[in-house]
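Shown next, in C-alpha cells, is the structure this report addresses.
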Amino acid sequence: MSLVVEIAKRLGIEPETLERNAIKLWLQHRLRIIEVEIMSILNRYNVKSLGELEAKIKSGDIPGHPAWEDLITLENLEDEKKRVIEVLQEIEKTSH
C-alpha cells in the first residue's frame, strides 16, 4: 500500500483528495518562497520591477556586477512564479 493511500485511509479521505490538496499546499508554499526571493532582489536595488532593474543597470545607475546575475535570477524566479500560478489555476479548475 502506498504512503498516500495509507494516510488517506487513516484520515478517512480519498487518496486523490489528499494528493491534490498536498500538491496545492506545496505549490502555495513554493509561490510564497519565490515571492520573498523576488522582493529581496528588488529591495536590494531599491527598484519595483525587473524592467526597472534592467534599465538602471543599462544606464549605469546600478553597477553591473553582481546586478546582472541578480537580474538573471530574477527572470528565472518570475518564470517559475508564472508556471506555479498556472498549475495552481489548473488545480483550482479541476477541483470544482
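A few notes on this one:
- Residue within region 26-35 that is at pLDDT 95 or above, aromatic (F, W, Y) and in a helix (DSSP H, G or I) present: yes
- Of all residues making up region 3-46, the number that are in contact (Cβ under 8 Å) with a residue 12 or more places away in the chain, farther than 24 Å from E92 by Cα and of a type outside the set (D, E, K, R): 4
- Selection within region 56-68 - within 21 Å of E35 (Cα to Cα) and small (G, A, S): A67
- Count of residues meeting criterion [crowded, with 16+ Cβ neighbours inside 10 Å and in a helix (DSSP H, G or I)] in region 38-55: 6
- Every listed requirement among (1) at pLDDT below 95; (2) within 19 Å of L27 (Cα to Cα); (3) surrounded by 10 or more Cβ atoms within 10 Å (Cβ to Cβ) is met by G64 save one, (2).
- Residue within region 75-90 that is over 14 Å from the mean Cα position of the chain (by Cα), closer than 28 Å to E16 by Cα and free of Cβ contacts under 8 Å to residues at least 24 places away in the same chain present: yes
- Of residues in region 1-25 being open to solvent by 70 Å² or more (accessible area, probe 1.4 Å) and either small (G, A, S) or not in a helix (DSSP H, G or I) (or both), the one modelled with the highest pLDDT: E14
The values are calculated or read from the model by the stated rules, or taken from the named source; none is laboratory data. Here the structure is a predicted model, which means the values were calculated and not measured. Glycine also receives a Cβ, built like all others from the backbone with ideal geometry; neighbour counts cover every protein chain displayed. What goes into the accessible areas is simple: the full protein's heavy atoms, side chains included, and nothing from ligands, DNA or RNA. Shrake-Rupley method; radii C 1.70, N 1.55, O 1.52, S 1.80 Å.
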